[in-house]
Amino acid sequence: MSRSLPELEFDLSEAFIRMDEAVAQTIDGLPDFPGFHKRTTLALDCPEEGRESYEIAYTLPEETIGSDLVTKEYFAVLKEHWPSLGWEVHGERDDVDGNIANIQAIRPDGVNLWYQNQIGQIVIHAQVACVEAEGHPVCGPPLGGVKPENDSTKDCMVLSREELESKTADAVAPFEGGQAATIPFTANGTRREAIGRPEPTDRET
């Protein structure tokens, strides 16, 4: 389903605070939430000249990798929790085994949330597509117990494309034996799947 870029009611000065707020609202609905291990901030491609797209990504701890709680139960919970907040669940994809690999929802203000299973490792992405590049960005403290040494978002530090590719390759290679790909926004304001992974069954609504 084609989707135009959301009309945002805020600019860069509020973007990071709103993304963290959306993540906080998301985890408020997750039972027995284990906390987060790290937070990163990424600059992503925007198809509109003069605007900028950003993402805050939170990774769950290694001890949760592959657990039914985060790879199965939380998907079912979010399919009910997000709509209860007035958000639109607009995308869901399965992996090659038929299990849910990721699910997305968008808040009325245009912040997009993406809950992703990367080979059992869960990452929650909060995204703003093509925000007006006005004002100075403000980043609050990390959620979920992230330690300062695992928070690249402090002081609103945004990773460059080269740093992102290097860090992501280091994280992905042990699981997939390959290099990571930069994952930009599509024209519809969401993110593309990483290059080189099996094409999942699309169940977008």
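Every read-out reported here was derived from the displayed coordinates using simple, explicitly stated rules and does not represent laboratory data. None of these values were measured; they are calculated from a predicted model. Every residue, glycine as well, gets a Cβ built from its backbone with ideal geometry; the counts of neighbours run over all protein chains shown.
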Under 5 Å from the placed amide H of His90, counting only residues 5+ away or on other chains, we find Gln104, Ala105, Ile106
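Could you line up Thr59, Thr153 from fewest to most neighbouring Cβ atoms inside 10 Å? Walk me through the intermediate numbers first.
Working: Thr59 20, Thr153 24.
With the sparsest Cβ surroundings first, the list reads Thr59, Thr153.
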Taking 0.36 nm per residue of separation between Ile65 and Met157 and subtracting their Cα-Cα distance, the length gained on full extension comes to 30.4 nm
For the stretch 12-176, averaging the sequence separation of alpha carbon pairs under 8 Å that lie six or more residues apart and dividing by its residue count, the contact order in percent is 33 percent
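At a Förster distance of 22 Å, what's the computed FRET efficiency of Asp109 paired with Asp32, Cβ-Cβ distance as r, to 0.05? Walk me through the numbers before you get to the answer.
Values: r = 29 Å, r/R0 = 1.30.
The formula returns an efficiency of 0.15 here.
Taking neighbour counts of Cβ atoms within 10 Å as a proxy for exposure, in what order, fewest first, do Met19, Met157 appear?
Least to most surrounded, the residues fall as Met157, Met19.
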If the label point sits 7 Å along Cα→Cβ of Val77, residues of the stretch 21-60 with amide N under 16 Å come out as 23-37, 59-60
Expected sort for Lys79, Lys38, Lys147 with the fewest Cβ neighbours (10 Å cutoff) up front is Lys147, Lys79, Lys38
Pseudo-spin-label distance Ile17 to Val138, built 7 Å along Cα→Cβ, given in nm, is 0.3 nm
Residue by residue through the stretch 49-58, the couplings from Karplus 6.51 cos²θ - 1.76 cosθ + 1.60 with θ = phi - 60°, in Hz, x for Gly and Pro, are 5, x, 10, 10, 10, 9, 9, 10, 10, 10
